[in-house]
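**Q** Would you mind keeping the following structure in view while I ask a few things?
The values are calculated or read from the model by the stated rules, or taken from the named source; none is laboratory data. Since the structure is predicted, the reported quantities are computational estimates derived from the model, not experimental observations. Don't worry about glycine lacking a Cβ; one is built from the backbone with ideal geometry, like all the others, and counts go over all protein chains shown. Accessible surface areas use protein heavy atoms only, side chains included; no ligands, DNA or RNA. Shrake-Rupley method; radii C 1.70, N 1.55, O 1.52, S 1.80 Å.
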Amino acid sequence: QVQLVESGGGLVQAGGSLRLSCAASGSIFSIATMGWYRQAPGKRRELVAIITNGGSTNFADSVKGRFTISRGNAKNTVYLQMGSLKPEDTAVYFCNILALSGSYWGQGTQVTVSS
């Protein structure tokens, strides 16, 4: 059974930083991408950042220059470093792994940015 566990969310003031972590356990075969998505109240889930197995990255325009995504040394871990946070970054952040064996989601971690 594959399980993704996110951590690192919380309450931060505008302009601050947070680092989200996602650790996956279980059998995941042939990872294509690891990414972060977010969903704000009343809005659709949207892509924040993604990193391919080859290390290429892509970011939503709204976070370019402020967020970075990286893979950890431990297998099946991914991080999202968020800086210069804005109130509009407030959302539940979800980790996703897309692999040949399936698409897997974490339970989400709340990020709240106060103005």
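**Q** So, taking all protein chains as they sit and a 1.4 Å probe, how much accessible area belongs to Ile97, in Å² rounded to tens?
**A** 0 Å²
**Q** Then there is this: State whether region 4-115 is rounded, prolate or oblate according to the following rule on the C-alpha gyration tensor (a ≥ b ≥ c being the square roots of its eigenvalues): a/c under 1.5 gives rounded; otherwise a/b larger than b/c gives prolate, and the remaining case gives oblate.
**A** prolate
**Q** Please identify the trypsin sites (Lys or Arg not before Pro) of region 53-115 that satisfy two criteria: DSSP loop assignment and at most 16 other Cβ atoms within 10 Å. Which are they?
**A** When the trypsin sites (Lys or Arg not before Pro) of region 53-115 are filtered for loop state and at most 16 Cβ neighbours within 10 Å, Lys64, Arg66, Lys75 remain.
**Q** Now for a separate question. Identify the chymotrypsin sites (Phe, Trp or Tyr not before Pro) of region 24-104 meeting these criteria: DSSP loop state and at most 10 other C-beta atoms within 10 Å of the C-beta. Could you put the intermediate results ahead of the total?
**A** On the way: sites: Phe29, Trp36, Tyr37, Phe59, Phe67, Tyr79, Tyr93, Phe94, Tyr104; in loops: Phe29.
In loop regions of region 24-104 (DSSP not H, G, I, E or B), the sparsely surrounded chymotrypsin sites (Phe, Trp or Tyr not before Pro) are Phe29.
**Q** Dipole size in debye (nearest 20) for the chain around its Cα centre, Lys and Arg Cβ +1, Asp and Glu Cβ -1? Before the final figure, lay out the partial values.
**A** Numbers: 10 positive and 5 negative charges, 12 e Å.
It comes to approximately 60 debye.
**Q** May I ask you to give the percent of accessible area on the chain that is carbon plus sulfur, with a probe radius of 1.4 Å?
**A** 49 percent
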